[in-house]
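K.L.:
Handing you this structure, nothing more for now.
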Protein chains: 2
Amino acid sequence: MYSGGVSTPERLIESTRELLWERGYVGTSPKAILERAGAGQGSMYHHFKGKPDLALAAIRRTAQELRASAERVLDGPGTPYERIEAYLRRERDVLRGCPIGRLTMDPDIIASAELRAPVDETIDRIRRRIAEIVEEGKRQGQFAPALDGEEIGATVLATVQGGYVLARAAGSPAPFDAGVRGLLALLAPRTPGQEN
Amino acid sequence: MYSGGVSTPERLIESTRELLWERGYVGTSPKAILERAGAGQGSMYHHFKGKPDLALAAIRRTAQELRASAERVLDGPGTPYERIEAYLRRERDVLRGCPIGRLTMDPDIIASAELRAPVDETIDRIRRRIAEIVEEGKRQGQFAPALDGEEIGATVLATVQGGYVLARAAGSPAPFDAGVRGLLALLAPRTPGQEN
DNA sequence: GTCTATAGATTGATAGAC
DNA sequence: GTCTATCAATCTATAGAC
């Protein structure tokens, strides 16, 4: 339950972000949001048009934060391989899953162009940033010329998103970590004299 | 809506399978199941203890079918690489997602050991089968000895599961196909004289 | 701007007629 | 074995007092 010097709309958005992550859109009721935010029924409908409007505000903020934190890692120091490795290995609460990726399994999100848009944009931007890094690595001779940046970008992001699925199914982060290690082994940069 | 010479419990299970795939567990109501099955309230509670019991029957059947069809491809003809390629490229209704994988984003499925069990078992068995095939490929010299079968198995399955996430976010199967192509490029078998 | 009261629909489940 | 009727609780939303 949020309190402190934070405004009511702010508490509503933060509570919605948490619940969307935990239970998805379909599984999140206004009542649950209001309880967590410590607000009454009227407050929500005063500040937002309804559940979809509040969810949109919450999703936009989560998308923005996720994109920023991913790009901080991808634009950090190191060789192309090292930056992709940093992205794959960065700290994650694996069993909670991806707060943006999980929304793609929500039928009401996918049915609404407005709610799906920030999800699409976030995933697409990260994927394209990885694609650029792979192309950079190809120019530097770190990756094989036969690799396609766009394709590897999709593979990297899919491994992460699918890693969450495997981990949640198993009830353990281990399969996520295994998938990441497998991908890194496949991506391992070519060093002089190395045959694979 | 199911009819024909099919029994009522059968129609209930099939309707539940469809709805779990489309809307997940949280998003599927007994009412919706009954409407699709063309049955009344009483029928469902006569044959099943309730929503979780019916869902369990539906999930077990879907899990069984998915495992069988995946293993048919993985145990088919061809080299280890070709069998993994066949698995990755097999026909999929990409935008519908995986009927088993999507359940991992359902909080009520994950909260129930009984409902999660068939999901876990299905994913785990396919992953281990791929791991065996990778080890077989290593023995044949088709894959680099440095690769770990268990890890690559997780990477392959994660790429598929995550590919669905990317595709549904984009509203197009293209990112799924791109991710698969990227992974296949990384897995590409070593042929005599080839350096990467 | 916040609250409670209330609305009509839907949820998951039960009772009891046929 | 199937149906309709009914249940208490919850859903999303609105009304209106403060």
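K.L.:
Looking only at the stretch B:4-30, how many residues end up being within 13 Å of DNA strand D (Cβ to nearest atom) and closer than 23 Å to A:GLY24 by Cβ?
P.N.:
Within the stretch B:4-30, residues that are within 13 Å of DNA strand D (Cβ to nearest atom) and closer than 23 Å to A:GLY24 by Cβ number 5.
K.L.:
Something else: Does A:THR28 satisfy being hydroxyl-bearing (Ser, Thr, Tyr), part of a helix (DSSP H, G or I) and under 22 Å from A:ARG102 (Cβ atoms)?
P.N.:
Taking the combined requirement at face value, the residue does not satisfy it.
K.L.:
Okay, moving on. Need the failing condition index for A:ALA68 against (1) closer than 23 Å to B:ILE109 by Cα; (2) surrounded by fewer than 17 Cβ atoms within 10 Å (Cβ to Cβ); (3) of a type in the set (A, V, I, L, M), just the number.
P.N.:
Single failed check for A:ALA68: (1).
K.L.:
If you scan the stretch B:31-45, which residues turn out to be touching a Phe, Trp or Tyr at 6+ places or on another chain (Cβ under 9 Å) and either closer than 27 Å to A:LEU103 by Cα or more than 8 Å from DNA strand D (Cβ to nearest atom) (or both)?
P.N.:
Once the filter is applied, which keeps residues that are touching a Phe, Trp or Tyr at 6+ places or on another chain (Cβ under 9 Å) and either closer than 27 Å to A:LEU103 by Cα or more than 8 Å from DNA strand D (Cβ to nearest atom) (or both), the stretch B:31-45 yields B:ARG36, B:ALA37.
K.L.:
With the structure loaded, tell me whether A:PRO145 is part of a loop (DSSP other than H, G, I, E, B) and at the interface with chain B (Cβ under 10 Å from one of its Cβ atoms) or whether it fails that test. Please lay out each step first, then the result.
P.N.:
On the way: part of a loop (DSSP other than H, G, I, E, B): yes; at the interface with chain B (Cβ under 10 Å from one of its Cβ atoms): yes.
The answer is yes for A:PRO145.
K.L.:
Hey, could you check the stretch B:19-64 for residues that are buried (at least 18 other Cβ atoms within 10 Å of the Cβ), within 14 Å of chain A (Cβ to nearest Cβ) and free of Cβ contacts under 8 Å to residues at least 40 places away in the same chain and say which is nearest to DNA strand C (Cβ to nearest atom)?
P.N.:
Taking the candidates together, the pick is B:THR28.
K.L.:
Quick one: is A:ARG11 away from chain B (no Cβ under 14 Å), within 13 Å of DNA strand C (Cβ to nearest atom) and either of a type in the set (Lys, Arg) or on the phi > 0 side of the Ramachandran plot (or both)?
P.N.:
Yes; evaluated as a whole, the condition is true for this residue.
K.L.:
Just to be sure, is B:THR122 farther than 26 Å from A:SER112 by Cβ, of a type in the set (S, T, N, Q) and in contact with a Lys or Arg (Cβ under 7 Å, 6 or more places away or on another chain)?
P.N.:
When the stated conditions are applied, B:THR122 passes them.
K.L.:
Look through B:ALA86, B:ALA117, B:ALA131 and report the one residue that is out of contact with any helix residue (DSSP H, G or I) (no Cβ under 7 Å at 6 or more places or on another chain), of a type in the set (Gly, Ala, Ser) and either within 26 Å of B:GLY27 (Cα to Cα) or modelled with pLDDT of 95 or more (or both).
P.N.:
Sole residue among the options that is out of contact with any helix residue (DSSP H, G or I) (no Cβ under 7 Å at 6 or more places or on another chain), of a type in the set (Gly, Ala, Ser) and either within 26 Å of B:GLY27 (Cα to Cα) or modelled with pLDDT of 95 or more (or both): B:ALA117.
K.L.:
For the stretch A:176-189, does any single residue satisfy the condition of being modelled with pLDDT under 95 and either of a type outside the set (Ser, Thr, Tyr) or on the phi > 0 side of the Ramachandran plot (or both)?
P.N.:
yes
K.L.:
Next up: Taking the stretch A:131-142 as the search range and keeping residues that are more than 10 Å from chain B (Cβ to nearest Cβ) and in contact (Cβ under 8 Å) with a residue 12 or more places away in the chain, which one is farthest from A:LEU66 (Cα to Cα)? Full working, then the answer.
P.N.:
Of the stretch A:131-142, the ones more than 10 Å from chain B (Cβ to nearest Cβ) are A:132-133, A:135-142.
Okay, now just the ones that are also in contact (Cβ under 8 Å) with a residue 12 or more places away in the chain, so A:132-133, A:135-137, A:140-142.
Working: A:GLU132: 19, A:ILE133: 19, A:GLU135: 23, A:GLU136: 23, A:GLY137: 24, A:GLN140: 29, A:GLY141: 30, A:GLN142: 28 Å.
Applying the filter and picking the extreme gives A:GLY141.
The values are calculated or read from the model by the stated rules, or taken from the named source; none is laboratory data. Here the structure is a predicted model, which means the values were calculated and not measured. Ideal geometry is used to build each Cβ from the backbone, glycine not excepted, and the neighbour counts take in all protein chains shown.
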